[in-house]
Structures are given as C-alpha cells and as structure tokens.
Amino acid sequence: MSTSDPRPSIEPGALLTVDVQPHPRGVPLMRVLGDVDLATAPVFQKAVLDQLAQRQKFVVDMDGVDFLSSAGLAVLVDLRQQMADQNLKWAVVAARQTVTRPLEITGLLTILPIFETVPAAVDAIAS
C-alpha cells in the first residue's frame, strides 16, 4: 500500500503567470494572470522584486487576476512601501471585482494607486 498522495501536484507557476513587457511610452507593464494566493504569491513577489531591482516606475495590470488573497494583498502593500522608499511612481490596474473587492474590504483601494485602465495608469506615471 502506497502512502503517496494520489492527487497531482500543481506548480504555482501553472496557476499564475506574470509577464513584463515594455509599453510604447517607456513604462514596463506587468500583467498578472490567474490566482494570487498563498501558493502563488511568491511568483508575484519575485516579479515585483525583479522590477524594483531596476529602480524604475512600472504598472501592475491585475485585470487578469481571478482570485486575490491576503498573500497577494501583502505583496501590494510591501510594494507600496518599497516604491515610496525609493521615490518611484507606480500604478495598479484593477477594474474587476475579483481584485477591487478585496482591496475595498481591506481599505487598500484608497491608499494604493489604482486605475481602471492601462492607458489611465500609464498616463498617471509616465510624466
């Protein structure tokens, strides 16, 4: 009799993808797709830290996020502090309720630089 778990293991990267691409206006655009939860938040955090290491402004597009847990919110709060410490501009695109609802419940909707569209977010930080 085997004691191994019969359920297949799923890699966090299969549940969340983070893709960073240049934007025509010179602002990197980080697209987050999937679930940001306890298992996948480290993938999100690593992408954020990679951008922070470049010491430049950027936009986090979360309109592809299907679920946002407290672990994902913690990454955003930490990012807010680090960007402030480095005096860098950044913005979050969040129009879907899967993202805006957790931000609203926690009070983060009013303290994070939230925009409804990528163009609005880029406009806010490109200047």
Scan around His23 for amide H atoms under 5 Å from its own, H built in the peptide plane at 1.01 Å from N, and keep only partners 5 or more places away or cross-chain. Leu29
Can you tell me the orientation of helix 41-53 relative to the chain, as the angle in degrees between its alpha-carbon axis and the longest Cα principal axis, to the nearest 10? 30
Within a 10 angstrom radius of the beta carbon, how do Ile114, Ile125 rank from fewest other beta carbons to most? Ile125, Ile114
With a sphere of radius 10 Å drawn around the Cβ of Phe115, what net charge do the other residues whose Cβ falls strictly inside it have (Lys, Arg +1; Asp, Glu -1)? -3
Counting only residues 5 or more apart in sequence or on a different chain, those whose built amide H sits under 5 Å from that of Ile114 are Val92
Expressed as a whole-number percentage, the relative contact order of region 14-126 with C-alpha contacts under 8 angstrom and at least six residues apart is 26
Choose one answer from Gln97, Gln81, Gln56: the residue with the largest mean-square fluctuation in a GNM of the chain with alpha-carbon springs under 10 Å. Gln81
Taking R0 as 22 Å, what's the FRET efficiency between Arg80 and Arg101 from their Cβ-Cβ distance, rounded to 0.05? 0.75
Looking only at Met62, Met30, Met83, which one moves most when the chain is put into a Gaussian network model with springs between Cα atoms under 10 Å? Met83
Which value does Rg/Rh take for region 14-126 over its C-alpha atoms, Rh per Kirkwood? 0.92
Which ³J(HN,Hα) values in Hz, rounded to whole numbers, follow from the phi angles of region 66-78 under the Karplus curve 6.51 cos²θ - 1.76 cosθ + 1.60, where θ = phi - 60° and Gly and Pro get x? 8, 8, 10, 9, 4, 5, x, 4, 4, 4, 5, 5, 5
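Since every read-out is calculated from the coordinates, none of them should be taken as a lab result. Everything numeric here is computed off the predicted structure, so don't read it as measured data. Note that we place each Cβ from the backbone using ideal geometry, even for glycine, and neighbour counts take in every protein chain shown.
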